Amino acid sequence: MEVTVRLFASLRRHRPDLALGQPLTCQLPERATLADLIQAVLGPLPDEVAIMLVNGQLQAGEQVLSEGDRVSLWPPVAGGAL
Amino acid sequence: MTPALPDSSEVAIIGGGLVGCAAAYYLTQQGASVVLIEQNGVGSGASGRSGGGVRQSARAAAEIPLAIQAVALFSGLADELGLDIEYVQRGNLRLVESVDYIRPMQVDIARQQGQGLNVRWLEQSEVCELAPALQRESLLGASFCPTDGHANPLKVTAGFAAAARRRGARILTGCSVTGFRQLDSGLVQLATTAGRLRARNVIIAAGAGTARLCQASGFDLPLANMRYESLVTEAVRPLFDAMFGVASADLFFRQTRHGSVHFGGGLVLPADDETTTQDNLAAAAAHLARLVPALAQANLVRTWGGLDPSTPDGIPIIDCLGDNLLVATGFCGHGFALGPVVGRLLAAWVTRGQRPAELAGFERNRFAGWLQTRWTPTGSFEAVLAAVATQANAPGPNGAHSADPAAALPQEGDGPHVLVIDPSMCTGCRSCEVACAIHHDRVARPTQLRIQVAYERDDAYSPIVCLHCEEAYCMEACPFEALARGGPGSVIQVVDKNCTGCLLCVDACPYGGISYADDKGVVIKCDLCDGQPACAAYCAPGAIRFRRVDPATWDGMKQHATQHARLLSQGLT
Amino acid sequence: MNISGYTGALLRIDLSRRQARREPWDLGLAERFVGGRGLASYLLYREQDPAADALGAESKFILGTGPLTGTGAVAASRYVVVCKAPLTGTIACSNSGGFFGPELKFAGYDFAIFEGRSETPVYVWIDDGRVEFRSAEKLWGLTPAATDEQVRRETSLMAKVACIGPGGEKRSLLAGVVNDRARLAARSGVGAVLGSKNLKAVAVRGAGSVCLADPEAFWLAALDALKKIVNDPVSFGSFRAYGTASLVNLINEMGAYPTRNFLEEVFAGAMPTSGEAIRDELLLRNRACFACPIACTRVTAVKDGPYQGRGEGPEYETTWSFGALCGVSDLKAIAKAHYLCCDYGLDAMSAGATVACAMELFEKGYVPGSDIGFALRFGDAEAMVAAVRLMGERRGPFGALLADGSYRLAAHYGHPELFMGVKKLEMAAYSPRVFQGMALHYATSNRGACHVRGNTVAAELYGIPKYVPPETLDGKEEMVRRPFQNSTAFVDSTGICLFSKFAITHREIVSMLAPATGLDFTFDKSIVQGDRIWNLERLFNLRAGFAAADDTLPERMLEPVPGGPRAGSRAQLHQNLQTYYALRGWDERGVPTRQKLEELGLEDTWQVCR
């Protein structure tokens, strides 16, 4: 199946060839998870990926992906206040 | 005779240095019409002022493949240009003078060998066999690359210019380009002091003028012009034929065809002029005399300085600013060898319309992910190491900073422990001031401080603190022996009972390192907190580090402090 | 005994009589209201009738520092401006970092209370123990940066200056107080209060010390907090690298990025206006406030073109208010609008939101183009910047309307439903239609729809302190109340910046606070102190005439999101407001019960006013 992934903030430096917001299309086996996708795109660095959206919904690494999913990844970021 | 500026040209080259002249030559070889514009004379900038080394060794990984091609090109260059360029291919030795450098040098040799370079370690005896003129006791070994060498940089540059001219290139000297603009038609328009010129392709190879020109035209390149200083002796008997450098990177030397020894090095600092500095030259001359005793009595006949832009990571930017607008810059003081091959690759880029594979890795966007956009480029042999240190302060793999700022630094100097200040890292938060006050006075306070932050602009600030100079003006100035060396190393401390508060030391210190404490009636200054400075511990960005200083850094800090101490009372927080 | 942490003194300045005097304040109040926001609010509550006119001569305003301000504790640079808010009518407490707050402390004052009104423009020069009133005739009309420079030239180069810009002089209800040239205590219109008093600036120079009760323990606690911040990927990673604007793409991707005056929640032009783009195109370097390891301030410049300028920011909120909210995707225009707000001394969040509101009014035909003088459509960058100029200069009748914020603008044209805020304060860049915690917080925050006092997005997105999905309703009442609203009330009262809280908690803060002051500050007490301060502010607002009916959201937020990943989601405030009141110990009208007041020791306070 085919999914797209986009990298934001400091994750961008792992793929400097991609313009800001440019999606990367990945071919994955059926039933692949979000973690599998990250492994395929960024290699083993799960620590740096903190926020994962699949089609705009926050998901965890074990989430199973489907054909055409739009994945967006962030390192830890925040704003406003706490 | 300078030809007139035409209205248009297929290719326009800005800068009559080695890269520009070589590009002009190779382009005319492809039949292109070329106009080259040079503000002074051919080779009048960094190219003509270069040290002349043609080496592959001791380069950053990204440059080694280019340098190997460059050496292959140099072999046939005299024939190609029809000119004796005084090319001598008898190797480059990078001499190791201190045990601290043996291990790093051997690691570096292995790295270069891994990239296919013929380079190896020479023991002391082998070095002296190869170059008997060197003082054996001063050396511990060297890296040796037999295919390296040196040449006459002015002749190479002039040779390319003449050959290009012969093939029809128009070379205009005494004409400056003040700006460029990409037109909707796809052409690039140059504004020059001799009028306008439109070109289908433009190559910017303007050396120290590149940053300003690009900035004026809307392109901000991370460049800083650095000054390199050279000296030449009278002609002496033949001593050696290889090219030499030293592991600490503050000296290079070679003997020219007619016998003079061309050498240089020392402190490389940001500058906008080509003057030379007495201290620098004296240090280089003393260093050379130590290594080559035969030169101790030789007369110096000339000194000069040259400017070359540096990039933050110590390797050049060779990139396109637009589809038909190329730039080659930031050679960081070691571009002579690369000049011809870069010129040839730029010519190929223009002719074929696509980036040659060899130039991958020199794009300017490699700096896009760096934390700070202001740099303190080093341009020296240590540029790569410095770049590593800079990056260590950017968010790491998990976006976090190393908890121990000292851990980010790969090597220390061999001087005493002092507070080593890096203004490029300072965020102006004044944590150092308050940490110092709490440590010494048990209160937080904004005055009567031993360390203070000087603000130059909204984006430039740095701490000012005692540098614990080896030759301390403050101690010389004090009539009462109220300043004394004490504690570990060379710490200068105030002897309160002797201090009369006369302030002679405050006036004598050009670095802003001493203050007066109203409530105590004595002067106060940094005492390095018995070896655990509070300011360094509390400096989150790592602008203050307590470590052994190397002389070049120390001098740089002194110069910086001299310029900035006066800002302390300007209140520009 | 030496007073530590605090200076123990306040400076009372009577602008009518041009008199100033130093007064001790009752240190017994410290353990009840901490300092800063809490103590200044208490002083205001005690000294001013909450129902009085915010811009009347009898109104007061207080500059206050926290016990940690200026001590060197990490990120302790803050001062507060407390007064009755001209924009909202609630209590106002706007705060700002930089170097002004610590300087006030070094001059020997925890608070400065300004009373009365000067006949002519004046500025106050506080030089340690000496206070001078000087003519500000020549300063009138100057930008904050120019004012700062001129005042320092006339007083001491080392002085720190807080002032108002032309917006505050013209009593714009969006005006803030600007310190250190470019930092704003921005919200609620506090700058208009200074304008109404003819007070252009306050310059302070302090050569004194802040004592520490136990310097060794304080130092170890400060180093510990520093280490935690430096090791935190947000505080020392994304804040430094991208500022808060790293959120632009994230909040937009999740469909919670209010766009075109909250008509939509996804903005197609987010990418070119994101933190990544700001860093690539505008950033010159980071800088820090006093004693702050984070250094989130971003010195930026637009180098050329029509939007040329230089300053600090924009950050997430103003990138949004002039960007998505106005439908504008031209980053340079957004930066320009932001720089202009700084020059006029206006709250850039409310300013952007007001322009967005005007755009909707215009597009719907509710405002005739002749009133504005040009077409003010969503997405028109040039018109957006032009509207900011109208607002800042208060030019013409329409400029005057803009300068007083979107509620008055929308109401003037008969469409108050187009005002996107609560209690007349404009909302921030987190849609309450998506984040249910934000919905409840916006509705109940003591200064209107501000986000910093209960930024539940931290829990509902980044998982700090723990992840609770944005759509969840269960448990949001307690989450909003305690770890967010009450906690900010405590932290704002200490002098520490809320941005430190991504890495440190009340525990680290009290472990600095106790040795700094020598007082018995503990974690458990801090929880009660936060609650007490929140309730005190609520009492002020109740006295000012606010009621449960004001704890609500604009109608549009109760309607479903029209599209994007969160289509159909809407604020479900009515389901948890009463539970929230009950948890707070308030009755169904939102009034603290007698029992709650006794528990917090506020019974007398409530009575005093009655």
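The values are calculated or read from the model by the stated rules, or taken from the named source; none is laboratory data. Here the structure is a predicted model, which means the values were calculated and not measured. Backbone-built Cβ (ideal geometry, glycine too); neighbour counts: all protein chains shown.
So is C:Gly208 outside any helix (DSSP H, G or I) and within 14 Å of chain B (Cβ to nearest Cβ) or not?
Judged against the criteria, C:Gly208 is a match.
If you take the residues of segment B:419-438 that are under 26 Å from C:Thr69 (Cβ atoms) and either facing chain C (nearest Cβ under 7 Å) or surrounded by fewer than 20 Cβ atoms within 10 Å (Cβ to Cβ) (or both), which of them is farthest from the chain's Cα centre (by Cα)?
Here the answer is B:Ile438.
Answer with yes or no whether C:Tyr442 is farther than 16 Å from C:Ala175 by Cα, buried (at least 24 other Cβ atoms within 10 Å of the Cβ) and modelled with pLDDT of 95 or more.
Judged against the criteria, C:Tyr442 is a match.
So, C:Glu603, is that one closer than 30 Å to C:Gly28 by Cα, modelled with pLDDT under 95 and of a type in the set (Asp, Glu) or not?
In short, yes.
Among the residues that make up segment C:242-262, is at least one of them in a helix (DSSP H, G or I) and of a type in the set (Asp, Glu)?
Yes, segment C:242-262 contains a residue that is in a helix (DSSP H, G or I) and of a type in the set (Asp, Glu).
Just to check your reading of the model, which residue among B:Arg90, B:Arg55, B:Arg94, B:Arg49 is in contact with a His (Cβ under 9 Å, 6 or more places away or on another chain), on the phi < 0 side of the Ramachandran plot and surrounded by 19 or more Cβ atoms within 10 Å (Cβ to Cβ)?
Within the list B:Arg90, B:Arg55, B:Arg94, B:Arg49, the selection yields B:Arg55.
Is it the case that some residue within segment A:43-53 is within 10 Å of chain C (Cβ to nearest Cβ), touching a helix residue (DSSP H, G or I) at 6+ places or on another chain (Cβ under 9 Å) and under 12 Å from A:Val5 (Cα atoms)?
yes
Listed residues C:Gly437, C:Gly379, C:Gly405; which is touching a residue at least 12 places away in the same chain (Cβ under 8 Å), on the phi > 0 side of the Ramachandran plot and buried (at least 24 other Cβ atoms within 10 Å of the Cβ)?
When all the criteria are applied, what remains is C:Gly405.
Would it be correct to say that C:Glu253 is of a type in the set (Asp, Glu) and either in contact with a Phe, Trp or Tyr (Cβ under 6 Å, 6 or more places away or on another chain) or more than 8 Å from chain B (Cβ to nearest Cβ) (or both)?
Here the answer is yes, as C:Glu253 does meet what is asked.
Residue by residue through segment A:1-30, note down the ones that are among the hydroxyl-bearing types (Ser, Thr, Tyr), out of contact with any Cys (no Cβ under 9 Å at 6 or more places or on another chain) and more than 10 Å from every other protein chain (Cβ to nearest Cβ).
A:Thr25
Which one of these does C:Ala203 not meet: (1) under 28 Å from C:Asp404 (Cβ atoms); (2) in a strand (DSSP E or B)?
(1)
May I ask you to verify whether B:Leu18 is in the same structural domain as B:Leu251 (by TED's automatic domain parsing), in contact with a Phe, Trp or Tyr (Cβ under 7 Å, 6 or more places away or on another chain) and not charged (D, E, K, R)?
Answer is no for this residue.
Inspect all residues belonging to segment C:184-197 and state whether any of them is charged (D, E, K, R) and within 11 Å of chain B (Cβ to nearest Cβ).
no
Take B:Cys499 and tell me if it is crowded, with 16+ Cβ neighbours inside 10 Å, over 24 Å from C:Ser156 (Cβ atoms), touching a Leu at 6+ places or on another chain (Cβ under 9 Å) and in contact (Cβ under 8 Å) with a residue 12 or more places away in the chain.
When the stated conditions are applied, B:Cys499 passes them.
Only residues that are in contact (Cβ under 8 Å) with a residue 24 or more places away in the chain, over 22 Å from C:Ala288 (Cα atoms) and charged (D, E, K, R): list them for segment C:304-335, please.
C:Asp330, C:Lys332
Could you name every one of the strands (runs of 3 or more DSSP E) located completely within segment B:463-565 that has at least 3 residues being hydrophobic (A, V, I, L, M, F, W, C)?
Output list reads B:522-525.
Residue-wise test of (1) within 12 Å of chain B (Cβ to nearest Cβ); (2) more than 24 Å from B:Pro541 (Cβ to Cβ); (3) crowded, with 24+ Cβ neighbours inside 10 Å.
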{"residue": "C:Ser235", "(1), (2), (3)": "yes, no, yes"}
{"residue": "C:Ser238", "(1), (2), (3)": "yes, no, yes"}
{"residue": "C:Asn249", "(1), (2), (3)": "no, yes, yes"}
{"residue": "C:Pro258", "(1), (2), (3)": "no, yes, yes"}
{"residue": "C:Pro272", "(1), (2), (3)": "no, yes, no"}
{"residue": "C:Cys289", "(1), (2), (3)": "yes, no, yes"}
{"residue": "C:Pro293", "(1), (2), (3)": "yes, no, yes"}
{"residue": "C:Arg298", "(1), (2), (3)": "yes, no, yes"}
{"residue": "C:Pro306", "(1), (2), (3)": "no, yes, no"}
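Could you say which residue among C:Arg134, C:Arg152, C:Arg117 is within 14 Å of chain B (Cβ to nearest Cβ) and either among the basic types (Lys, Arg) or surrounded by fewer than 21 Cβ atoms within 10 Å (Cβ to Cβ) (or both)?
C:Arg152 is the lone residue from the list that is within 14 Å of chain B (Cβ to nearest Cβ) and either among the basic types (Lys, Arg) or surrounded by fewer than 21 Cβ atoms within 10 Å (Cβ to Cβ) (or both).
If I ask for residues that are farther than 17 Å from B:Cys429 by Cβ, within 14 Å of chain B (Cβ to nearest Cβ) and touching a strand residue (DSSP E or B) at 6+ places or on another chain (Cβ under 8 Å), which ones from segment C:67-93 would you list?
none
Filter segment B:511-533 down to residues that are at pLDDT 95 or above and either touching a Ser or Thr at 6+ places or on another chain (Cβ under 6 Å) or within 13 Å of chain C (Cβ to nearest Cβ) (or both), then give me how many there are.
1
Which residue, of C:Tyr339, C:Tyr366, is in contact with a Lys or Arg (Cβ under 9 Å, 6 or more places away or on another chain) and not assigned by TED's automatic domain parsing to the domain that holds C:Glu169?
C:Tyr339
Quick one: is C:Ala277 at the interface with another protein chain (Cβ under 9 Å from one of its Cβ atoms), touching a helix residue (DSSP H, G or I) at 6+ places or on another chain (Cβ under 9 Å), part of a loop (DSSP other than H, G, I, E, B) and of a type in the set (A, V, I, L, M, F, W, C)?
no
Can you tell me which residue within segment A:54-63, out of those that are small (Gly, Ala, Ser) and exposed (fewer than 15 other Cβ atoms within 10 Å of the Cβ), is farthest from the other protein chains (Cβ to nearest Cβ)?
A:Gly61
Mind listing whichever residues of segment B:165-186 are in contact with a Leu (Cβ under 7 Å, 6 or more places away or on another chain) and aliphatic (A, V, I, L, M)?
Matches in segment B:165-186: B:Ala169, B:Ile171, B:Leu172, B:Val177.
One line per residue, one yes/no per condition, for (1) at positive phi; (2) assigned to a loop (DSSP other than H, G, I, E, B); (3) not aliphatic (A, V, I, L, M):
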position	(1), (2), (3)
B:Leu419	no, no, no
B:Ser424	no, no, yes
B:Val434	no, no, no
B:Gln448	yes, yes, yes
B:Ala454	no, no, no
B:Tyr461	no, no, yes
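Which condition from (1) β-branched (Val, Ile, Thr); (2) within 14 Å of chain A (Cβ to nearest Cβ); (3) in contact (Cβ under 8 Å) with a residue 40 or more places away in the chain is the one that C:Thr517 breaks?
The number of the failed condition is (2).
In segment C:277-290, is there at least one residue being under 24 Å from the mean Cα position of the chain (by Cα), among the small types (Gly, Ala, Ser) and more than 26 Å from C:Asn261 (Cβ to Cβ)?
Yes, the conditions are met somewhere in segment C:277-290.
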